[in-house]
Amino acid sequence: MTELKPLSPAEAARGLRRAGDAARGFLGTDPVTQNDALLVRELTRREAQVYAAGGALVGCVPNRAQPRQAYVSSTSAGPEPVRALLGHLTTYQRRTSFVALVPEDGAAAFLGAGFARSGVLPGHHYAGHAFHDVLVLVKEEPCRS
């Protein structure tokens with residue numbers, strides 16, 4: 001099982017910067033174009049929880065309209081850090097519904113962790129001088145006692 005280490009917003013900003021392109025769009029941020037101070041402010045404003053998971057970063061922000069739901073992100077191409085995050089959120093925060101907004105080439109980690117495609121946001125992400133589609137992936141978990 002992948003161990004999760006909680007990060008402060010400043011530590012998360014530094015980790016996202018090191019992750020480069022893998023961190024683009026992480027919880028709605030863009031460490032390629034945003035400086036550390038802005039990343040810290042955005043992560044704090046969104047009440048983001050970011051964790052180091054092996055060599056990757058994973059994180060979530062609560063959906064204020066649905067207390068049991070969280071938006072999740074990962075810099076990993078593999079599913080294990082995502083599984084660790086979902087296990088933590090389900091067990092310790094009683095979250096049961098998860099949403100990930102990812103570019104198509106970043107979906108493997110989430111699909112491997114049991115997410116299902118729910119929809120597409122056409123032209124939702126701007127990168128490389130072009131607009132790109134974003135997949136909406138969802139996963140429901142039973143609440144653990």
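The values are calculated or read from the model by the stated rules, or taken from the named source; none is laboratory data. Given the structure is predicted, the values throughout are model-derived calculations rather than measurements. Every residue, glycine as well, gets a Cβ built from its backbone with ideal geometry; the counts of neighbours run over all protein chains shown. Calculation scope for accessible area: heavy atoms of the full protein, side chains included, ligands and nucleic acids excluded. Shrake-Rupley method; radii C 1.70, N 1.55, O 1.52, S 1.80 Å.
If you count, for each residue, the other Cβ atoms within 10 Å and average over each peptide, how do 15-22, 126-133 line up from highest to lowest?
The peptides rank, most packed first, as 15-22, 126-133.
So for the stretch 1-136: antiparallel DSSP bridges make up what percent, rounded to the nearest 5?
90
Based on alpha-carbon centroids, what's the gap between the stretch 3-44 and the stretch 111-131 in Å, whole number please?
Centre-to-centre distance over Cα atoms comes out at 19 Å.
Hey, rough spin-label estimate for LYS5 and GLU47, points 7 angstrom out along Cα→Cβ, what's it come to in nanometres?
Placing both labels 7 Å beyond Cα along the Cβ direction yields 2.7 nm.
Counting only protein heavy atoms and using a 1.4 Å probe, what share of the accessible area of the chain belongs to carbon plus sulfur, as a whole percent?
Details: 4060 of 7610 Å².
Here carbon and sulfur together make up 53 percent of the probe-accessible area.
Is there a quick way to get the dipole size of the chain? I mean about its Cα centre, with the Cβ of Lys and Arg at +1 and of Asp and Glu at -1; what is the value in debye to the nearest 20?
460
Could you report the chain's accessible area per residue, 1.4 Å probe, as an integer in Å²? Walk me through the intermediate numbers first.
Working: 7610 Å² over 145 residues.
Per-residue accessible area for the chain comes out at 52 Å².
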